[in-house]
């Protein structure tokens, strides 16, 4: 909109973005700070994203580095439902770092996935999440899979006395997400996972409000890396929209996040912010049991460590390797 | 998932991605063609996107160039509801290029926007869309705005004998989108606009199925430029998910798309493809009446030309400038 076409002084003053400062980085790039009117968001998740980066996303030389959100705006969004304390309560682990495994590959039958879940749960994991590739496919339809996996995990829990919590992956539109969340909860899954940049941020917020007692893990699929900084999107914004735990690629794995990005993301997810419950960072993406001590020293105890494929690669030794992982996490001494 | 951990031969054969070929571009980049099993999508919009670019979006050195979708998969999605023919029917223009204006800036009251809409409609536009920044904000709440703007356009239509069709912008989660679509339709708006990468692709598909007779314009906010090629995302995929018209930044405007990208996008939106109705390309983003002839020679008659801010900048001459635009489009002689 050409500024010259805006004749209303109230609009010029209150809804036109204002360039606060421009800092020449000296490498051909500039950090530009722009103020936007909070009223332009209408207190809605999608419109907030639209104001922050909607059309700017079309300019491939622009990245969204950070956003300083006023208290009045943050309180219009639900924030985590369970938060760190609620997730810990679910699995009866008040202080130690938590653990998570993953069910995959897609293509396995619901029965085969349930068998893997059983053997992983015998290894005393805190959470077992569906791979985000598990949706509602013919080879393992959502309801059949969730019912069978939940039953398998309950069986293992009865045998170990430990509580492993199942985190099924929800997909589709809001009707489908709600239906799946209800089904999952009815079958004993106390948490679910969604990918907000695929389902849409408005769907995350709606699900959070409809199911205040459900733990929500969020997955970074389609969240990109380069255009909105991960600490802002995967840390702060997802938390504000309702995530209890945020999965992201740890440094030194299959993906390219730097240690500093990971540290900032973890802090954005869990540090004190507008009185919102802390959510938990879940570093993942090619992690191994060998890295447990290093990761715990890096992230501290307020974390969920997630090992997916590397545990599954253990084949017949799946339960043993999982036990090695969970034992190592539980035994880690923080210096 | 390490391939070594996949022991099920059916999974290896049917759901593991297969690298078909790798072409060294000679500039340090490679074009890699990967086959995926169609069954992995479960016939769902979000999961299709997840399979195409979910985790790959996290690698900032990977772009999604194209996707060759089999007929059996494309027919699982709704495609355009009205398509080009239906949009033309709405405004009684069977062959000539179509025109569109935009209501903005946000911050104006519903009454002020309605007044602009009235004066734009007197200029005999085919469509007047809300700016995608108009959501459900306190200064022009959705229902109040849509009711007043629709009434203003109807008044202008009664005076000119021309049909201008209002395209309000819908925002929020699927409940809100449905409510707004119903409200808009009930107030005479035959089309609506949504930004699928903000609302979520699954929401677009759901809206399309729920409102088969509503024209849907899609907006590229948050659709990026660099990571999924615009012809694939804004052209083909949005069309397949239900868009009747797709708005995108024309070359030589405020944004950086090249002429070739624009041409490919337009062709992806409207060319024969799996028996799906053609949707219409809507080049926009800083366009002016001066560019009408050049744009029509470039895109041909199967197009909606959109001029937003440049018309609004005319101030008291708004109707006159709009008439110049629509007269020029109607009078263009294709060579």
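The values are calculated or read from the model by the stated rules, or taken from the named source; none is laboratory data. Just so it is clear, the model here is predicted, and its values are computed rather than measured. Quick reminder, even Gly has a Cβ in these numbers, built from the backbone with ideal geometry, and neighbours come from all protein chains shown.
Can you name the residue in the range B:301-318 that is in contact (Cβ under 8 Å) with a residue 60 or more places away in the chain and assigned to a loop (DSSP other than H, G, I, E, B) and, of all such residues, is farthest from the chain's Cα centre (by Cα)?
Looking at the filtered set, the residue picked out is B:301.
Residues that are at the interface with another protein chain (Cβ under 8 Å from one of its Cβ atoms): find the helices (runs of 4 or more DSSP H) completely inside the range A:1-74 holding 2 or more of those.
Working: elements: A:9-14, A:45-53, A:71-74.
Of the helices (runs of 4 or more DSSP H) lying wholly inside the range A:1-74, those with at least 2 residues that are at the interface with another protein chain (Cβ under 8 Å from one of its Cβ atoms) span A:9-14, A:45-53.
Checking B:159, B:143 one by one, the residue that is at pLDDT 95 or above, surrounded by fewer than 24 Cβ atoms within 10 Å (Cβ to Cβ) and within 14 Å of chain A (Cβ to nearest Cβ) is B:143 and no other.
All conditions but one from (1) modelled with pLDDT of 95 or more; (2) part of a loop (DSSP other than H, G, I, E, B) apply to residue A:100; the one that does not is (2). Of the residues contained in the range A:58-70, one or more are found to be out of contact with any helix residue (DSSP H, G or I) (no Cβ under 6 Å at 6 or more places or on another chain), buried (at least 22 other Cβ atoms within 10 Å of the Cβ) and not assigned by TED's automatic domain parsing to the domain that holds residue A:148.
Is it fair to say residue A:166 is touching a residue at least 24 places away in the same chain (Cβ under 8 Å), outside any helix (DSSP H, G or I) and either surrounded by fewer than 17 Cβ atoms within 10 Å (Cβ to Cβ) or within 14 Å of chain B (Cβ to nearest Cβ) (or both)? No: the conditions fail for residue A:166. Given the condition within 21 Å of the chain's Cα centre (by Cα) and within 14 Å of chain A (Cβ to nearest Cβ), answer yes or no: does some residue in the range B:77-92 qualify? Among the residues of the range B:77-92, at least one is within 21 Å of the chain's Cα centre (by Cα) and within 14 Å of chain A (Cβ to nearest Cβ), which makes the answer yes.
Just a yes or no: is a residue in the range B:319-327 within 14 Å of chain A (Cβ to nearest Cβ) and touching a residue at least 60 places away in the same chain (Cβ under 8 Å)? Checked against the condition, which is being within 14 Å of chain A (Cβ to nearest Cβ) and touching a residue at least 60 places away in the same chain (Cβ under 8 Å), the range B:319-327 yields at least one hit.
Would you confirm whether any residue within the range A:93-103 is at the interface with chain B (Cβ under 10 Å from one of its Cβ atoms) and in contact with a strand residue (DSSP E or B) (Cβ under 9 Å, 6 or more places away or on another chain)? Yes: one or more hits. Any chance the range A:204-216 includes a residue that's buried (at least 24 other Cβ atoms within 10 Å of the Cβ) and closer than 27 Å to residue A:116 by Cα? Yes, the range A:204-216 contains at least one residue that is buried (at least 24 other Cβ atoms within 10 Å of the Cβ) and closer than 27 Å to residue A:116 by Cα. Scanning the range A:12-30 for residues being in contact with a strand residue (DSSP E or B) (Cβ under 8 Å, 6 or more places away or on another chain) and over 20 Å from residue A:66 (Cβ atoms) gives a total of 1.
Going by what's in this entry, would residue A:301 be described as more than 14 Å from chain B (Cβ to nearest Cβ), surrounded by fewer than 18 Cβ atoms within 10 Å (Cβ to Cβ), farther than 23 Å from residue A:126 by Cα and modelled with pLDDT of 95 or more?
Values: more than 14 Å from chain B (Cβ to nearest Cβ): yes; surrounded by fewer than 18 Cβ atoms within 10 Å (Cβ to Cβ): yes; farther than 23 Å from residue A:126 by Cα: no; modelled with pLDDT of 95 or more: yes.
So residue A:301 fails the test.
So in the range B:114-140, with the set limited to residues that are over 22 Å from residue B:89 (Cβ atoms), touching a residue at least 60 places away in the same chain (Cβ under 8 Å) and in a helix (DSSP H, G or I), which one is nearest to the other protein chains (Cβ to nearest Cβ)? In this case the residue turns out to be B:116.
Looking only at residues that are within 14 Å of another protein chain (Cβ to nearest Cβ) and touching a strand residue (DSSP E or B) at 6+ places or on another chain (Cβ under 6 Å) in the range B:243-264, which one is nearest to residue B:74 (Cα to Cα)?
Our first condition is that a residue be within 14 Å of another protein chain (Cβ to nearest Cβ); within the range B:243-264, this holds for B:246-251, B:253-258, B:261-262.
With touching a strand residue (DSSP E or B) at 6+ places or on another chain (Cβ under 6 Å) added as a condition, the list becomes B:246-247, B:250, B:255, B:257.
Values: B:246: 18, B:247: 22, B:250: 27, B:255: 30, B:257: 27 Å.
Among those that are within 14 Å of another protein chain (Cβ to nearest Cβ) and touching a strand residue (DSSP E or B) at 6+ places or on another chain (Cβ under 6 Å), it is B:246.
The residues of the range A:195-220 that are part of a loop (DSSP other than H, G, I, E, B), out of contact with any strand residue (DSSP E or B) (no Cβ under 6 Å at 6 or more places or on another chain) and within 13 Å of another protein chain (Cβ to nearest Cβ), listed by number, are A:195, A:200.
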